[in-house]
Amino acid sequence: MASGARAARSRRPVWPLPGFGPSFDTRGKGLFVWLPVSHWTVYGFTTVWVLGVLVPLVLLVLFSFLKTRGIQFIFEPTLRAYLDIFEYAGWPVILRSLRIAATVTIIELIIAFPFALWLAKGTRSDAVRLTFFTLLMVPFFLSPASRTIVWRVVLGRNGLVNSVLMSLGIIDEPVDWLLFSEPAVHFGFIGPYFPPMVWPIFLSISLIDDELLEASRDLGGHPRHTLRHIIIPLAIPGVVAGIVFTFVPMLGDTVVAHLIGGGNVLLLSSSIYDLITVMNYAAAAAMAAFVLALILILQLPLIITIRSIGGVNEIFASLRR
Amino acid sequence: MKHSKHLYYHLSRRRFIKGSLAAGGVIVGAPAVLKGLTRQAKADYEPGVIRFRAAGTTATPGDWSLFEKETGLKMVATVEKDDPGVFYNDVMVNDAGDRFDIYLSLAGVQQTLAEGGWVLPIDGSRLKNWAGVSSDVKDIPLLKPDAEGQNWGVPIYMNADTFGYFPADLDEPRPPDPVSWGLIFDSEKTMGRVSIDDNYFSLSWAAGYMKAAGLADISDSANMTASEVETVADYMIERKKAGQFRNLWNTYDDQISNFVNGEVLAMRCWEPAVKDARGQGLDVVYAVTDEFYIKWMQAAFIPSQAEDRNLDEIYTAIDWLLGGGYAATLTPLRGYVTSRPDLGLEYAKEMEMGDDVVASMEENLFKIEVKFAQPEFWFSGVPDTLAEHERHMARFKNV
């Protein structure tokens with residue numbers, strides 16, 4: 001390809017929808033150009049972060065070490081709430097929730113990465129991208145319950161799947177485990193958490209300069225090598241973000257477990273909700289704090305992975321080159 | 001490479017401390033801001049508008065046009081989950097009294113609210129329909145939890161609950177012939193095709209069955225001791241492991257969906273769900289039983305915040321809920337018994353609402369004579385060993 005054409009293409013903004021979103025380009029001119037560059041921007045974000053995230057989390061941990069009587073907290077330090085977690089069958093719930101969330105996250109990653117790669121680099125048509133963005137977004141115009149409950153009609157005893165299998169003579173009786181079971185809950189999570197995995201991976205792959213890919217090809221690199229040595233390392237920030245955006249909200253999802261699990265698959269979110277409804281706030285706080293600690297511990301492998309390839313700053317610097 | 005200043009803004013320690021102090025000021029000021037927002041919520045009160053917090057979708061009589069026509073007030077109803085814990089949270093933690101003028105909830109929950117000063121005592125003299133409410137209804141212990149016998153709630157409607165089942169599919173008799181609660185808890189016919197409440201309430205239903213079947217010695221199914229709860233939970237876990245239950249329902253829609261989608265052959269449910277399913281052509285009936293009924297009552301409570309706000313309007317609205325218009329609308333629609341069924345029947349005849357409406361009002365007299373006459377059991381939703389109930393329900397759900 002002529003160097004002039006390459007240069008022209010590399011100058012083209014990667015953001016796929018002209019007119020939408022921030023001025024987000026690969027030339028290093030700034031991520032949020034509309035924000036005033038002043039220390040008040042930093043303080044503003046800090047304040048929002050402290051008020052909206054840190055203070056509630058600190059209070060949550062604090063409450064988990066207190067006693068409750070009715071709706072009142074008694075300021076006597078105790079580990080009672082943490083003991084309550086185990087009395088409320090906490091361990092199996094926590095382990096089940098983590099296992100399901102981890103399994104679905106891995107499935108999402110396996111499906112989402114090739115899809116995001118194709119969307120970012122496999123197609124040059126904005127129309128195709130726009131179509132797929134719309135398809136990914138449309139379900140989110142519905143409430144989580146509305147877009148989940150349709151699966152009952154599909155997976156139920158008299159549902160579409162059972163009807164088709166029976167009419168084909170594959171089964172004689174409806175298959176019960178298609179709904180209100182753990183496999184059904186896994187399935188129910190895949191749809192709603194696909195876009196949160198796709199978006200960040202798509203963005204990080206989009207930011208990879210095409211010249212890098214072409215250089216690899218010009219040097220005789222096999223596509224597999226290009227994928228392994230260029231695309232995957234540079235997509236790591238998106239993969240990490242995708243894992244976080246998928247795994248963590250899934251732990252707090254009450255809709256799928258309720259509508260698809262039908263009360264047969266007790267997950268953390270429902271347990272915490274149940275504790276709140278009987279006003280055992282301390283045990284609910286302890287369970288939430290325990291999960292928070294587990295999530296922080298689970299970040300370690302991700303941090304180690306990122307450090308092994310030079311750290312976040314190095315990855316972002318590579319993307320801007 | 002030169003980094004963008006947008007991304008790598010230099011922040012000195014002194015400057016950060018100054019900024020953090022400012023942020024701290026914002027945090028300190030936050031309660032005042034939140035208080036302002038609460039005041040805004042209070043300001044949402046409008047004269048002539050009743051803000052009604054209903055428990056469960058079945059409390060509303062379709063629409064409120066008749067209420068608005070007969071009282072001259074406007075009704076803004078909000079439907080919340082019928083769960084005492086959710087109700088307590090809303091009232092005691094989230095200051096629901098600032099946002100609502102009337103609460104409707106299970107009678108029996110008010111003791112905690114009365115002790116904490118969250119609701120006002122009822123002045124029956126301000127309700128013209130109050131005197132005619134049967135003393136069997138307005139004087140039950142559920143409504144008068146304190147020693148003085150003060151009434152803290154106005155009984156609005158009640159029912160004696162059982163379960164729905166498909167008589168033809170199960171080869172079981174139809175009402176008024178009785179069937180056993182064994183269809184829900186222990187039956188080969190319904191194995192794997194039963195749904196029960198996703199709530200600690202289910203422990204009380206199972207206790208009622210165990211008591212009737214002689215499986216356990218339980219003094220009060222509605223208010224069990226800790227060891228009784230454990231015994232009942234063990235039994236339910238055994239039945240769950242045997243494969244008795246298809247799922248646990250959470251909402252009214254879940255109940256309808258279980259019937260309509262063919263998931264269950266029997267389900268512990270609300271009577272309106274059976275009426276809805278029958279309306280969709282299903283041959284499902286609501287059980288009559290000799291064993292026990294879950295007798296419950298929805299009562300109206302007045303938030304203490306309303307004391308200097310709009311008490312006259314609130315009493316007018318509650319009086320309408322006791323009257324014939326509400327009864328003649330709610331009973332045919334949901335099958336519930338109101339506190340003044342006599343006024344409902346009178347109203348239906350006077351307004352020529354049709355034979356079916358009159359018939360459903362008369363059917364209620366049967367319900368009062370047969371179902372409410374059973375001694376077992378009135379249910380408050382708030383047992384003394386609430387934490388034990390929740391702990392053992394979690395154990396059951398976790399199997």
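The values are calculated or read from the model by the stated rules, or taken from the named source; none is laboratory data. Small disclaimer: the values here were computed from a predicted structure and weren't measured. Neighbour counts are summed over all protein chains in view; Cβ atoms, including those assigned to glycine, are modelled from backbone coordinates with ideal geometry.
Would you mind stating whether B:Asp198 is in contact with a strand residue (DSSP E or B) (Cβ under 8 Å, 6 or more places away or on another chain) and either within 14 Å of chain A (Cβ to nearest Cβ) or farther than 27 Å from B:Leu142 by Cβ (or both)? So B:Asp198 fits the description; yes. Here B:Tyr165 clears all of (1) surrounded by fewer than 22 Cβ atoms within 10 Å (Cβ to Cβ); (2) under 14 Å from B:Leu265 (Cβ atoms); (3) not hydrophobic (A, V, I, L, M, F, W, C) except the condition numbered (1).
Residues in the range B:52-75 that are outside any helix (DSSP H, G or I), surrounded by fewer than 16 Cβ atoms within 10 Å (Cβ to Cβ) and out of contact with any Ser or Thr (no Cβ under 7 Å at 6 or more places or on another chain): B:Asp63, B:Gly72, B:Lys74.
None of B:Val337, B:Val288, B:Val284 is surrounded by 20 or more Cβ atoms within 10 Å (Cβ to Cβ) and either in contact with a Cys (Cβ under 6 Å, 6 or more places away or on another chain) or at pLDDT 90 or above (or both) except B:Val284. For the range B:189-223, taking the residues that are part of a loop (DSSP other than H, G, I, E, B) and of a type in the set (Ser, Thr, Tyr), the one that is modelled with the highest pLDDT is identified as B:Thr190.
Quick grid of which residues meet (1) within 18 Å of A:Leu79 (Cβ to Cβ); (2) surrounded by 13 or more Cβ atoms within 10 Å (Cβ to Cβ); (3) in contact (Cβ under 8 Å) with a residue 24 or more places away in the chain:
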position	(1), (2), (3)
A:Ser270	no, yes, no
A:Asp274	no, yes, no
A:Val278	no, yes, no
A:Leu294	yes, yes, yes
A:Leu302	no, yes, yes
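Scanning the range A:251-262 for residues that are in contact (Cβ under 8 Å) with a residue 40 or more places away in the chain and either buried (at least 23 other Cβ atoms within 10 Å of the Cβ) or closer than 13 Å to A:Ser97 by Cβ (or both) returns A:Leu251, A:Asp253, A:Val256, A:Ala257, A:Leu259, A:Ile260, A:Gly261, A:Gly262. Taken over the range A:59-79, the criterion of being within 18 Å of A:Ala293 (Cα to Cα) and not in a loop (DSSP other than H, G, I, E, B) is satisfied by A:Leu59, A:Leu60, A:Val61, A:Leu62, A:Phe63, A:Ser64.
Any chance you could count how many residues in the range B:95-116 are farther than 18 Å from B:Gly381 by Cα and either assigned to a helix (DSSP H, G or I) or at pLDDT 90 or above (or both)?
The number of residues fulfilling the criteria is 7.
Are any residues in the range A:163-192 at the interface with chain B (Cβ under 10 Å from one of its Cβ atoms) and more than 14 Å from A:Asn264 (Cβ to Cβ), and if so, which ones? Passing the criteria: only A:Pro174. Pairs are defined by a Cβ separation below 7 Å, a sequence spacing of at least 6 or placement on different chains, a first member in the range B:204-225 that is aromatic (Phe, Trp, Tyr), and a second member that is assigned to a loop (DSSP other than H, G, I, E, B); the pairs so defined are B:Tyr209/B:Trp181; B:Tyr209/B:Glu291. Just one residue in the set A:Ala102, A:Ala145, A:Ala120, A:Ala184 is assigned to a helix (DSSP H, G or I) and within 17 Å of the chain's Cα centre (by Cα); that residue is A:Ala102. Look at (1) over 18 Å from the mean Cα position of the chain (by Cα); (2) crowded, with 20+ Cβ neighbours inside 10 Å; (3) away from chain A (no Cβ under 14 Å) and you find that B:Ala394 fails only one, number (3).
Consider the range A:177-209 and keep the residues that are crowded, with 19+ Cβ neighbours inside 10 Å and β-branched (Val, Ile, Thr). The one that is nearest to A:Pro144 (Cα to Cα) is A:Val185.
Just checking, does the range A:210-223 include any residue being buried (at least 16 other Cβ atoms within 10 Å of the Cβ), in contact (Cβ under 8 Å) with a residue 60 or more places away in the chain and outside any helix (DSSP H, G or I)? No, because not a single residue in the range A:210-223 is buried (at least 16 other Cβ atoms within 10 Å of the Cβ), in contact (Cβ under 8 Å) with a residue 60 or more places away in the chain and outside any helix (DSSP H, G or I).
Between A:Ala293, A:Ala289, which is under 16 Å from A:Phe63 (Cβ atoms), out of contact with any Ser or Thr (no Cβ under 6 Å at 6 or more places or on another chain), modelled with pLDDT of 75 or more and more than 14 Å from chain B (Cβ to nearest Cβ)?
A:Ala293
Listed conditions (1) surrounded by fewer than 18 Cβ atoms within 10 Å (Cβ to Cβ); (2) within 14 Å of chain B (Cβ to nearest Cβ) are all met by A:Asp126, apart from (2). Just one of (1) farther than 30 Å from A:Arg69 by Cβ; (2) within 10 Å of chain B (Cβ to nearest Cβ); (3) not polar (S, T, N, Q) fails for A:Gly263. It is (1). Only residues that are over 25 Å from the mean Cα position of the chain (by Cα) and assigned to a loop (DSSP other than H, G, I, E, B) were counted in the range B:337-360, giving 4.
Based on this model, can you work out whether B:Ser227 counts as among the hydroxyl-bearing types (Ser, Thr, Tyr), over 23 Å from the mean Cα position of the chain (by Cα) and more than 14 Å from every other protein chain (Cβ to nearest Cβ)?
Here the answer is yes, as B:Ser227 does meet what is asked.
Within the range B:112-138, the residues that satisfy the criterion of being of a type in the set (S, T, N, Q) and either in contact with a Phe, Trp or Tyr (Cβ under 9 Å, 6 or more places away or on another chain) or surrounded by fewer than 13 Cβ atoms within 10 Å (Cβ to Cβ) (or both) are B:Thr112, B:Ser125, B:Asn129, B:Ser135.
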